[in-house]
Amino acid sequence: MKEIHPYRQRRAMDNMLCQVCARPPADPDGAQLFLLRDTGGPIREGERTASPPVCVPCAGIAVQQCHALRPDRWVAAWVRHAPAWGVRGTVHDPRTLQVVPGRYMEAVEYGSALAPWTMAARVVVELQGVRPAYLELEWAALGRDRLEAEFARVAELTAV
């Protein structure tokens, strides 16, 4: 997936839907799985992201198909709470209403002075209650047959 559509991203974040298959979480009150590009360490408490959560089977698809996550350039964590923090978007000058050069896809906190002048493209959440996810163990627990069935289901959803 090159870029997630802004509406799809916002819908996934608002409802904590899987960003790949758009299914709601198995336990809406439980922790959500977040899969991010590895930037040199684990996902930390308070880290912010515009990447929606994924379900365990779809995490397997993502690490195989998403160029940004391959090969082994990803980290995963279970997150108890992910409140909206702000947006990622293009900042405009309040006097001229022109795009401010170099301020494309900037993270802007809700309520900040820049917020009214930012054309939002993504919702940004803050990750709270973070604990590492060991996806190899999660995938093994699901079993090969279940993973294959989930991969086939998602392939049908995304077929062009």
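The values are calculated or read from the model by the stated rules, or taken from the named source; none is laboratory data. What you see is a predicted model, and the numbers here were worked out from it, not measured in a lab. With ideal geometry, Cβ positions are generated from the backbone for all residues, glycine too; neighbour counts draw on all protein chains shown. Accessible surface areas use protein heavy atoms only, side chains included; no ligands, DNA or RNA. Shrake-Rupley method; radii C 1.70, N 1.55, O 1.52, S 1.80 Å.
Points worth noting:
- Toward the positive end of the charge dipole of the stretch 120-160, with +1 on the Cβ of Lys and Arg and -1 on the Cβ of Asp and Glu, the farthest Cα among A155, L142, V125 is that of V125.
- Taking a point 7 Å out from the Cα of C21 in the direction of its Cβ, the residues of the stretch 126-160 whose backbone N falls within less than 14 Å of it are 139, 142-159.
- The chain, accessible area per residue, ligands and nucleic acids excluded (1.4 Å, Å²): 61 Å²
- Angle in degrees between helix 144-158 and the longest Cα principal axis of the chain, rounded to the nearest 10: 40 degrees
- Distant-in-sequence amide H partners of H92 (H built 1.01 Å from N, under 5 Å): V100, T118, M119
- Compared with the alpha-carbon gap, the fully stretched path from R44 to A149 is longer by 34.6 nm at 0.36 nm per residue.
- Helix-only mean residue ellipticity at 222 nm for the chain, each DSSP H run of n ≥ 4 adding -39500 (n - 2.57), per residue, nearest 500: -8000 deg cm²/dmol
- Seen against the Cα atoms of the chain and their longest principal axis, helix 56-65 is set at about 70 degrees.
- Charge tally in the Cβ shell below 14 Å around D14, where Lys, Arg are +1 and Asp, Glu are -1, D14 excluded: +4
- Note, ³J(HN,Hα) from phi for the stretch 82-88, Karplus 6.51, -1.76, 1.60, rounded to Hz, x at Gly and Pro: 9, x, 4, 10, x, 9, 10
- Here the Karplus relation 6.51 cos²θ - 1.76 cosθ + 1.60, evaluated at θ = phi - 60°, turns the backbone of the stretch 4-21 into coupling constants of 7, 5, x, 5, 4, 5, 4, 4, 5, 5, 4, 10, 6, 8, 4, 6, 8, 9 Hz, with x for every Gly and Pro.
- The gain in end-to-end length when the R8 to R80 segment is fully stretched comes to 23.7 nm, 0.36 nm per residue minus the alpha carbon separation.
- Highest-fluctuation residue, G129, G86, G102 considered, GNM on the chain with Cα pairs under 10 Å: G102
- What a 1.4 Å probe finds exposed on the stretch 94-160 is 59% carbon and sulfur by accessible area, rounded to a whole percent.
- Point-charge dipole on Cβ atoms (K/R +1, D/E -1) for the stretch 57-160, about Cα centre, debye to 20: 220 debye
- The stretch 1-92, accessible surface, carbon-and-sulfur percent (1.4 angstrom probe): 50 percent
- Between the listed residues G86, T49, V100, the Cα displaced farthest toward the positive end of the dipole of the stretch 25-136, a dipole computed from Cβ unit charges relative to the Cα centre, is found at V100.
- Cut-off under 5 Å, modelled amide H: who pairs with R23 long-range: C18
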